[in-house]
Amino acid sequence: MLEKMIDAVTDFALNAGVKILISLIILVAGFKLIKWITKKIKNPKKIRHTDPSVKSFLVSFVNIALKVVLIITVAAYLGVPMASMITVLGSAGVAVGLALQGGLSNIAGGIMILVFRPFSVGDYIDCGSSSGTVNSIGIFHTSLVTADGVRIIIPNSVLTSSTVVNYSIEKVRRLDLEFRAAYGADTNTVKSLLLEAAASSTMVLKDPAPQADMLGSNPVYAKYRLRIWCARDDYYDVQPYLTETVKSRFDAAGVNVLSK
């Protein structure tokens, strides 16, 4: 009787050991295959024109979905009843869903971002507490890179529930610059100098045309505004150029510029 029990335990251990070994091989091979698939999605040849925002979200979603399928497949191979597994997964899904409502709202937020497209990968956005260039849109969060090279991870639910300012969506932007000229300077001369400075730059659009206006004055200075339109890519270059050009033209014309 003892020998029969030992033989039965040995047979079971051998069979189970073989199954466990095969399961481990399937897991390792499966994870490598999933990694290869996600790499192919990141750099596809047939869908190279796919929007980067959709691509990053798709990679994240496919990676998680394939891993879940792989684990279920291995569990089924080990002999776990599928009906019981589905029941357990359903119960676990409800429990996890209640515990991770934030995670589910992030997934819903990611889908909303892709559907309504308030921004895309490469856009510069401001969501109140953070601003930067969108680096990737994942299934749970969106990654921004600031101007000084810092990466910020923001949950998708935060972006869909707050005000987002997209500075990259429009092709042209307006720039308003204010200058203070010493009291007594001829108004028409100052306005002409401002328009001449705007006309000297190819970054300033001719349509809409630049505008120069006096906003107000006091016994010390008069405040002027130069309003121009430019391409969004020139926005941060044209501002220092106009500031320097206006200063040099004012100096040449004998108009004193007062600091704020």
Label-point separation in nm, V257 to A76, each point 7 Å along Cα→Cβ
7.3 nm
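How about the range 113-215: which trypsin sites (Lys or Arg not before Pro) there are in a DSSP loop, with at most 13 other Cβ atoms within 10 Å of their Cβ?
Numbers: sites: R151, K171, R173, R174, R180, K191, K206; in loops: K171, K206.
Taking the range 113-215 and a limit of 13 other Cβ atoms within 10 Å, the loop trypsin sites (Lys or Arg not before Pro) found are K171, K206.
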Between the range 189-258 and the range 115-152, the alpha-carbon center distance in angstrom:
33 Å
Quick one: compute a quarter of the convex hull surface over the Cα atoms of the range 109-166 and quote it in nm².
3.3 nm²
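Which entries of K32/K67; K19/K40; K35/K67; K19/K39; K40/K171 have Cα-Cα distances beyond 22 Å here?
Numbers: K32/K67 11 Å; K19/K40 31 Å; K35/K67 10 Å; K19/K39 30 Å; K40/K171 32 Å.
Pairs exceeding the cut-off: K19/K40; K19/K39; K40/K171.
Quick one: if you take sqrt(5λ) for each eigenvalue of the C-alpha gyration tensor of the range 172-258, what semi-axes come out, biggest first, whole angstrom?
On the way: eigenvalues 103, 31, 22 Å².
Working through the eigenvalues yields semi-axes of 23, 12, 11 Å.
If you stretched the chain out fully between I37 and S130, how much longer would it get, using 0.36 nm times the residue separation minus the C-alpha to C-alpha distance? List each step's numbers first, then the result.
On the way: separation 93, 0.36 × 93 = 33.48 nm, distance 3.31 nm.
Value of the extension gain: 30.2 nm.
Only the coordinates and a few stated rules stand behind these numbers; no lab work does. Since the model is a prediction, treat every value here as computed from it, not as a measurement. Methodologically, a virtual Cβ is constructed for each residue, glycine included, from the backbone with ideal geometry; neighbour enumeration extends over all protein chains shown.
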